[in-house]
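Q: Could you have a look at this structure, given as structure tokens, before my questions?
No lab work stands behind these numbers, since they all come straight from the coordinates. All values reported here derive from a predicted model rather than from experimental measurement. Cβ: placed from backbone, ideal geometry, glycine included. Neighbour counts: every protein chain shown.
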Amino acid sequence: MKIVIANDHSAVALKQEICEYVKRLGHDVTDYGTNSTESSDYPVFGEKVGRAVAAKEFDCGILICGTGVGISMAANKVNGVRAAVCSDVTTARLVKEHNDANILAFGARIVGNELAKDMVKAYLEAEFAGGRHVRRIEMLKGIEERNK
Ligand code: RB5
């Protein structure tokens, strides 16, 4: 899969470890930064990844900030993005199976590196289950349409 990843200053080391891990799993990773530990603004990175994923330049995205919340909020402002903040493996699987999440987000200050890698693996290996979930995804798109 083609995966895009980005983070703010709080998650540089974890992002680099996740990049290596995702490559080892056999995927192609594009890093939109930051690779600096100087203070940076998570909305910049959330929007960049959100726009690229919504434009289908990548199969999915990974976003990391301190909590995963701010950067996922930014991505979710882009129409077509379904970014999900996770801090356990089961949720990371279910957000793909049920919500067809196209971005996995997590917090470098919340989860350990091993848990982060397990979540990434679970998310990347999961598949959207379709069925009843399709209607709900269409309803999410309806919200976007009504609020353009
Ligand atoms: C940065 O200090 C921190 O606020 C940010 O990484 C993130 O946790 C926001 O949601």
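Q: Checking the table K56/K96; K23/K56; K96/K117; K48/K96; K23/K117 against a 18 Å threshold on Cα-Cα, which pairs fail?
A: On the way: K56/K96 16 Å; K23/K56 20 Å; K96/K117 16 Å; K48/K96 21 Å; K23/K117 12 Å.
Pairs exceeding 18 Å: K23/K56; K48/K96.
Q: So if R0 is 35 Å, what FRET efficiency would R135 and V44 give, r being the distance between their Cβ atoms, rounded to the nearest 0.05?
A: Details: r = 34 Å, r/R0 = 0.98.
Efficiency at R0 = 35 Å is approximately 0.55.
Q: Efficiency by 1/(1 + (r/R0)^6): what FRET value for A55 and D88, r their Cβ-Cβ distance, R0 = 41 Å, to the nearest 0.05? Intermediate results must be reported in sequence, preceding the final value.
A: On the way: r = 30 Å, r/R0 = 0.73.
So the FRET efficiency works out to roughly 0.85.
Q: Measure out, as a whole number of angstrom, how far apart the alpha-carbon centroids of the stretch 76-148 and the stretch 1-54 sit.
A: 16 Å
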